[in-house]
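Below you'll find the structure, written out as structure tokens, and then a few comments.
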Amino acid sequence: MPLQLTLTYLIASVVYIATLGLTPYMGQFAIKAFPIAILFVHALFKLSGSARFIVAFALLASLIGDVFLALPIENSFIYGLVSFFIAHLAYIVSFVALRGHIQKHSRRLFEQRGFFTVIRPAVLCLTIVCFSGVMAWHILPATAELYYAVIAYIGVITLMGLSAVLWSKSKMIVTGAMIFIISDAVLAQSIFKTPLPFSPVWVMLTYYIAQYCLARGLAKKFAFKHAYS
């Protein structure tokens, strides 16, 4: 991602986080979604073929989710939850496509099968599963009529994290996926349990970092033939 675009993303993210104390205010949804719109445009211009469609779709679904969660309308949380559920599905598809891209353009995927190349993903996967399990145990009793919707969401974001670890072969993408899980965990804590201190700030800070890592990581990996790193 060009430096100017990265700086624009950083400034836009900081501006929204700095205005959280004014919530709600007119036009909040646009300011909240603007950083993701930057990533969306970057994906459209940086990528090509099916990768462009998949990654851009994931970011567009996220952007729509941001808008819903910022609008003072009935069932906004449900609409936002569905939007991000779709975004995670799209990210999973993008990781599957990336695996095919790597298999096609890099033999190193099959050459490097040492101990650490196996144990590290296993540890990360176990961490994700355990963390998701603990969050489900902690949050689900307080979800009331949203019980099954929250179960489905926990399931899809867990699969998103696991697929990033197993298929992306990218530290940046894996970092983004795991930070996304943490961001949603903090959000769930705030909605269904006792909010953490400065919870909105932590939610949005981790969210913007996660989306940046995912979008930049995917754009970088898909843009080069030798996509292994």
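The values are calculated or read from the model by the stated rules, or taken from the named source; none is laboratory data. Please read these numbers as outputs of a predicted model, since none were measured by experiment. When we count neighbours, we look across all protein chains shown, and the Cβ atoms used for this are built from the backbone with ideal geometry, even at glycine. In case anyone asks, the SASA skips ligands and DNA or RNA and just uses the protein heavy atoms, side chains included. Shrake-Rupley method; radii C 1.70, N 1.55, O 1.52, S 1.80 Å.
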Rolling a 1.4 angstrom probe over the protein chains, ignoring ligands and nucleic acids, what is the accessible area of residue 29 in square angstrom, nearest 10? 90
Report the charge-dipole magnitude of segment 145-226 in Debye, nearest 20, computed about the Cα centre from +1 at each Lys and Arg Cβ and -1 at each Asp and Glu Cβ. 560
Given a Förster distance of 22 angstrom, what is the FRET efficiency for residue 137 paired with residue 190, based on the Cβ-Cβ distance and rounded to 0.05? 0.80
Helix-only estimate, please: 222 nm mean residue ellipticity of the chain, summing -39500 (n - 2.57) across DSSP H runs of length 4 or more and dividing by its residues, to the nearest 500. -27000 deg cm²/dmol
How many lysine pairs does the chain hold where the Cα atoms are under 19 Å apart and the two sit 8 or more places apart or on different chains? 13
Hey, in the GNM for the chain with a 10 angstrom Cα cutoff, which one of 55, 15, 165 fluctuates hardest? 15
Using θ = phi - 60° and the Karplus relation 6.51 cos²θ - 1.76 cosθ + 1.60, list the HN-Hα couplings for segment 194-200 in order, rounded to whole Hz, with x at every Gly or Pro. 7, x, 6, x, 6, 3, x
I'd like the FRET efficiency for residue 175 and residue 147, computed as 1/(1 + (r/R0)^6) with the beta carbon distance as r and R0 of 25 Å, rounded to 0.05. 0.25
Modelling each spin label as a point 7 Å along the Cα-to-Cβ direction, I'd like the residue 125/residue 52 distance in nm, to one decimal. 3.4
Portion, in percent, of the accessible area of the chain that falls on carbon or sulfur, probe 1.4 Å: 74
Area projected by the alpha carbon convex hull of the chain, averaged over all directions, nm²: 12.5
Taking only Cα atoms of segment 22-94, radius of gyration then Dmax in Å: 13.0, 41
Just in segment 131-229: which trypsin sites (Lys or Arg not before Pro) are loop by DSSP and have at most 10 other Cβ atoms within 10 Å? 225
Restricting things to Cα coordinates, could you compute the convex hull volume per residue of segment 1-62 in Å³? 69
What whole-number value in Å² describes the accessible area per residue of the chain for a 1.4 Å probe? 52
Cα lying deepest toward the dipole's positive end in the chain, options 51, 206, 150, charges on Cβ: 51
